[in-house]
Amino acid sequence: MKRIINSIMVTVFAVVLFTGSFFSKLETNNTSASDDFIPSENWVVNEDETPVEIDDYELNKYVKLGEIDDVTISVPFTEVDDAYVRQQINDMLAEYPEERVYETLDDDYVKEYFELDTVEDLYNSVKDYCTLQSDNEKTNTAFQMFIEKALSISEVNVPYELLNHKRKLYLSKLKKSIEDNGLTVTDYVQNFYGQTEEEFFKSVTEMIEESLKKQMMLACYAKENAIVLDAKEYESYKQSFISYYGYESDEALYKDYSESELKLSCLCNQVVEMLLDVIHVNYIPAKN
């Protein structure tokens, strides 16, 4: 279930090509996805169904980029100062015997309960960990804030067929995972989300549409600025994905996700990381 629930961004980051009259049909059908509820018994993708991917479209017809490489974002972060480190240690000590606080610690206590030599070692260990967490927090927050800001000053229209295909892919995988765990879709969405099947379907539609808008925007920027995927970055991204989701090999991963959609996901990350180096980012310490 973990792979299905947590991988929506990869599920809808995809690139496959096709041409001909069907291509024209995709670009002219503007049906709205807001009122097209599909019951769960129809959450199935047929084996012979033609994939519909972002690269099937001339993105400049659907995306009007704002000046996304000249925006300003203000990113809050946790400042790891002495007071913060001591507070983290005190919070940790609340779970240990003798009701100690940082000011009453001694080396013997640290050796017994933390397997470190000195109080200073404990302090430095906690500080290093908190600093790493704060740095990750800054990076992740900046990443998300930039994408939201860039999307707010751009215009993106998601073709209905692209949205519908990605939605069906996601829902079909989710349905299989739910049923493999002995549940029904109706019971699952009610118990885990407190929604009806129709409400859940609408929520998924909105989520995938928002995700596709971001992908189309970043893919369009990459194309307009001749940004290509770095092979080493992709290999590292792929291996991280395999490790996090517990795949045994590349082949096992590609059974769930095509190489093209993983490459698009990696390219989008690459574009954001590049833009974060050129836009105006103000880091603001959050109040502890």
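Would you point out which residue out of Glu137, Glu161 is farther than 30 Å from Asp91 by Cβ and part of a helix (DSSP H, G or I)?
Details: Glu137 fails: farther than 30 Å from Asp91 by Cβ.
Answer to the check: Glu161.
Report those helices (runs of 4 or more DSSP H) wholly inside segment 18-131 carrying at least 2 residues which are modelled with pLDDT of 90 or more.
Working: elements: 21-28, 82-93, 107-114.
Output list reads 82-93, 107-114.
Which of the residues spanning segment 174-188 are surrounded by fewer than 19 Cβ atoms within 10 Å (Cβ to Cβ) and of a type in the set (D, E, K, R)? Lay out the reasoning, then the answer.
Looking only at segment 174-188, we keep the residues that are surrounded by fewer than 19 Cβ atoms within 10 Å (Cβ to Cβ), and these are 176-177, 179-184, 186-187.
Answer for segment 174-188, where residues must be surrounded by fewer than 19 Cβ atoms within 10 Å (Cβ to Cβ) and of a type in the set (D, E, K, R): Lys176, Glu179, Asp180, Asp187.
Would you kindly identify the helices (runs of 4 or more DSSP H) lying entirely within segment 175-288 that contain at least 3 residues that are of a type outside the set (Lys, Arg) and farther than 30 Å from Asp135 by Cβ? Spell out the reasoning first.
On the way: elements: 185-193, 197-224, 231-245, 250-256, 259-276.
Qualifying helices (runs of 4 or more DSSP H): 185-193, 197-224, 250-256.
Please tell me if Glu161 is in the same structural domain as Val45 (by TED's automatic domain parsing) and over 23 Å from the mean Cα position of the chain (by Cα).
Working: in the same structural domain as Val45 (by TED's automatic domain parsing): yes; over 23 Å from the mean Cα position of the chain (by Cα): no.
In short, no.
Just the residues that are of a type in the set (Phe, Trp, Tyr) and touching a Cys at 6+ places or on another chain (Cβ under 6 Å), please, taken from segment 198-247.
Step one: list which residues in segment 198-247 are of a type in the set (Phe, Trp, Tyr), which gives 200-201, 221, 234, 237, 241, 244-245, 247.
Answer for segment 198-247, where residues must be of a type in the set (Phe, Trp, Tyr) and touching a Cys at 6+ places or on another chain (Cβ under 6 Å): Tyr234, Tyr237.
Take Val281 and decide whether it is over 16 Å from the mean Cα position of the chain (by Cα) and under 29 Å from Asp70 (Cα atoms).
On the way: over 16 Å from the mean Cα position of the chain (by Cα): yes; under 29 Å from Asp70 (Cα atoms): yes.
So Val281 fits the description; yes.
Any residue that is exposed (fewer than 12 other Cβ atoms within 10 Å of the Cβ) and within 22 Å of His165 (Cα to Cα) - is there at least one of those in segment 254-265? Break it down stepwise before answering.
Applying the first criterion (exposed (fewer than 12 other Cβ atoms within 10 Å of the Cβ)) to segment 254-265 yields 255.
Add one more test, that the residue is within 22 Å of His165 (Cα to Cα), and what stays is 255.
Looking for residues that are exposed (fewer than 12 other Cβ atoms within 10 Å of the Cβ) and within 22 Å of His165 (Cα to Cα), one finds at least one in segment 254-265, hence yes.
Out of the residues in segment 93-119 meeting the condition of being closer than 22 Å to Thr78 by Cβ and surrounded by fewer than 14 Cβ atoms within 10 Å (Cβ to Cβ), tell me which one is farthest from the chain's Cα centre (by Cα).
Looking only at segment 93-119, we keep the residues that are closer than 22 Å to Thr78 by Cβ, and these are 93-95, 101-102.
After this cut, where a residue has to be surrounded by fewer than 14 Cβ atoms within 10 Å (Cβ to Cβ) as well, the list is 94-95, 101.
Working: Ala94: 34, Glu95: 33, Val101: 38 Å.
Top of the filtered list is Val101.
Quick one: Ala226 ticks every box in (1) farther than 24 Å from Val45 by Cα; (2) at pLDDT 95 or above; (3) surrounded by 12 or more Cβ atoms within 10 Å (Cβ to Cβ) except a single one, so which number is it?
Of everything listed in (1) farther than 24 Å from Val45 by Cα; (2) at pLDDT 95 or above; (3) surrounded by 12 or more Cβ atoms within 10 Å (Cβ to Cβ), Ala226 misses just condition (3).
Looking at this structure, is Ile279 in contact with a strand residue (DSSP E or B) (Cβ under 8 Å, 6 or more places away or on another chain), loosely packed, with under 13 Cβ neighbours inside 10 Å, touching a residue at least 40 places away in the same chain (Cβ under 8 Å) and aliphatic (A, V, I, L, M)? It would help to see each step written out before you state the result.
Details: in contact with a strand residue (DSSP E or B) (Cβ under 8 Å, 6 or more places away or on another chain): yes; loosely packed, with under 13 Cβ neighbours inside 10 Å: no; touching a residue at least 40 places away in the same chain (Cβ under 8 Å): yes; aliphatic (A, V, I, L, M): yes.
Against the criterion (in contact with a strand residue (DSSP E or B) (Cβ under 8 Å, 6 or more places away or on another chain), loosely packed, with under 13 Cβ neighbours inside 10 Å, touching a residue at least 40 places away in the same chain (Cβ under 8 Å) and aliphatic (A, V, I, L, M)), Ile279 does not qualify.
Give Lys149, Lys168 a once-over and let me know the one that is part of a helix (DSSP H, G or I) and more than 20 Å from Lys64 (Cα to Cα).
Details: Lys149 fails: more than 20 Å from Lys64 (Cα to Cα).
Criteria check complete, one pass: Lys168.
Identify, please: which residue in segment 66-92 is among the aliphatic types (A, V, I, L, M) and out of contact with any helix residue (DSSP H, G or I) (no Cβ under 6 Å at 6 or more places or on another chain) and is, among those, surrounded by the most Cβ atoms within 10 Å (Cβ to Cβ)? Let's see the steps before the verdict.
Keep residues of segment 66-92 that are among the aliphatic types (A, V, I, L, M), which gives 68, 71, 73, 75, 80, 83, 85, 89, 92.
Subset that is out of contact with any helix residue (DSSP H, G or I) (no Cβ under 6 Å at 6 or more places or on another chain): 83, 92.
On the way: Ala83: 10, Met92: 14.
This residue is Met92.
The values are calculated or read from the model by the stated rules, or taken from the named source; none is laboratory data. Because the structure is predicted, anything quoted here is derived from the model rather than measured. When we count neighbours, we look across all protein chains shown, and the Cβ atoms used for this are built from the backbone with ideal geometry, even at glycine.
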